[in-house]
Amino acid sequence: MKIICIGMNYPAHLAELNNPLPEEPVFFMKPETALIRAGLPFFVPDFSNEVHYEVELVLSISKLGKHIQERFAHTYYQEIGIGIDFTARDVQRMCREQGLPWEKAKAFDGSGPVSKFIPLTNLENPSDISFSLKKNGELVQQGRSSDMIFNFNQLISYVSKYATLKMGDMLFTGTPSGVGPVKPGDRLEAFLEDKKMLDIKVK
Ligand code: ZN
């Protein structure tokens, strides 16, 4: 199983990081060890002084595919969940400046908790999915899938040119604006529409 993550997919988030709009999707991977078992806390790693939350819609890939055409991409996912792409922002900045890969900043243990998946057909509005994140009870991120630069089907088509998608793979689809730091003692709650999907204690 692999976890594929899309970067820079919401214009407002790019603006807050001072990045230009990408011409093609940007993706990177997290290992399986990035997942956190349900109910367990997220531990802030000691190699970073600036770990950020990034709430994201996550698709569960339902069948094997390579070179998937955009018009068939919708048949490769039926379920969606919500995840947090924890990012060591200070480490990422160093990697970017030196032209190095981002794994140290993005792929560390516990860096990708994901909720359970629910059928897209259970959502009120599957063509424009709203999601949000609260930190310590306060709304910090709010997104809609219609704001994505590259939509689900474009992302699946693009990624599958490079890496064969397999059943059970997960696709993080990018974060909206409002990213920010976490510290021990914080609580993060992520919502899909108005349904709470994740509740994570930060330690
Ligand atoms: Zn992200």
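Test ARG96 against the stated conditions and say whether it is open to solvent by 50 Å² or more (accessible area, probe 1.4 Å) and within 16 Å of the ligand (Cβ to nearest atom).
Details: open to solvent by 50 Å² or more (accessible area, probe 1.4 Å): yes; within 16 Å of the ligand (Cβ to nearest atom): yes.
Judged against the criteria, ARG96 is a match.
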Query - Flag if LEU123 is in contact (Cβ under 8 Å) with a residue 40 or more places away in the chain, surrounded by 14 or more Cβ atoms within 10 Å (Cβ to Cβ) and either of a type in the set (Phe, Trp, Tyr) or closer than 16 Å to MET1 by Cα (or both) - result: no
Report summary line: Exactly one of VAL55, VAL26, VAL44 is β-branched (Val, Ile, Thr) and in contact with a Pro (Cβ under 7 Å, 6 or more places away or on another chain), and that residue is VAL44
Requested in this report: Just need a number here: residues in the range 2-26 that are free of Cβ contacts under 8 Å to residues at least 12 places away in the same chain and not aliphatic (A, V, I, L, M).
Outcome: 4
Requested in this report: Name, by its number, the condition in (1) touching a helix residue (DSSP H, G or I) at 6+ places or on another chain (Cβ under 8 Å); (2) surrounded by fewer than 20 Cβ atoms within 10 Å (Cβ to Cβ); (3) under 18 Å from GLU16 (Cα atoms) that does not hold for GLU79.
Outcome: (3)
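State whether the residues of the range 58-80 include one that is modelled with pLDDT of 95 or more and within 11 Å of the ligand (Cβ to nearest atom).
Within the range 58-80, the subset modelled with pLDDT of 95 or more is 58-80.
Imposing the further condition that a residue be within 11 Å of the ligand (Cβ to nearest atom) reduces the set to 58.
Within the range 58-80, one or more residues are modelled with pLDDT of 95 or more and within 11 Å of the ligand (Cβ to nearest atom).
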Query raised in the report: Is there any pair linking a residue in the range 162-190 that is more than 19 Å from GLN69 (Cα to Cα) and open to solvent by less than 10 Å² (accessible area, probe 1.4 Å) to one that is among the hydroxyl-bearing types (Ser, Thr, Tyr) and within 14 Å of the ligand (Cβ to nearest atom), with Cβ under 8 Å and at least six apart or on different chains, and which?
Result: GLY174/TYR10; THR175/TYR10; PRO176/TYR10; GLY180/TYR53; LEU188/TYR53
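Matching residues to (1) touching a residue at least 60 places away in the same chain (Cβ under 8 Å); (2) in contact with a strand residue (DSSP E or B) (Cβ under 7 Å, 6 or more places away or on another chain):
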| site | (1), (2) |
| --- | --- |
| ARG37 | no, no |
| VAL55 | yes, yes |
| SER60 | yes, yes |
| LYS63 | yes, no |
| TYR77 | yes, yes |
Requested in this report: Name, by its number, the condition in (1) crowded, with 20+ Cβ neighbours inside 10 Å; (2) within 26 Å of GLY168 (Cβ to Cβ) that does not hold for VAL51.
Outcome: (2)
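Which strands (runs of 3 or more DSSP E) sit wholly inside the range 127-203 and have at least 3 residues that are within 16 Å of the ligand (Cβ to nearest atom)? So that I can check it myself, show each step before the final result.
On the way: elements: 130-135, 138-144, 170-172, 187-192, 195-201.
In the range 127-203, 130-135, 138-144, 170-172 are the strands (runs of 3 or more DSSP E) which contain 3 or more residues that are within 16 Å of the ligand (Cβ to nearest atom).
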Report task. For the range 99-126, enumerate the residues that are assigned to a helix (DSSP H, G or I) and out of contact with any Lys or Arg (no Cβ under 7 Å at 6 or more places or on another chain). Result -> GLU103, LYS104, ALA105, LEU120, THR121, ASN122
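Suppose the filter is more than 12 Å from the chain's Cα centre (by Cα), small (Gly, Ala, Ser), surrounded by 15 or more Cβ atoms within 10 Å (Cβ to Cβ) and over 25 Å from THR164 (Cβ atoms); does ALA105 pass it?
yes
The values are calculated or read from the model by the stated rules, or taken from the named source; none is laboratory data. All values reported here derive from a predicted model rather than from experimental measurement. For neighbour counting, all protein chains shown are included, and Cβ atoms are generated from backbone atoms with ideal geometry for every residue, glycine included. These area figures cover heavy atoms from the full protein model, side chains too; ligands, DNA and RNA do not enter into them. Shrake-Rupley method; radii C 1.70, N 1.55, O 1.52, S 1.80 Å.
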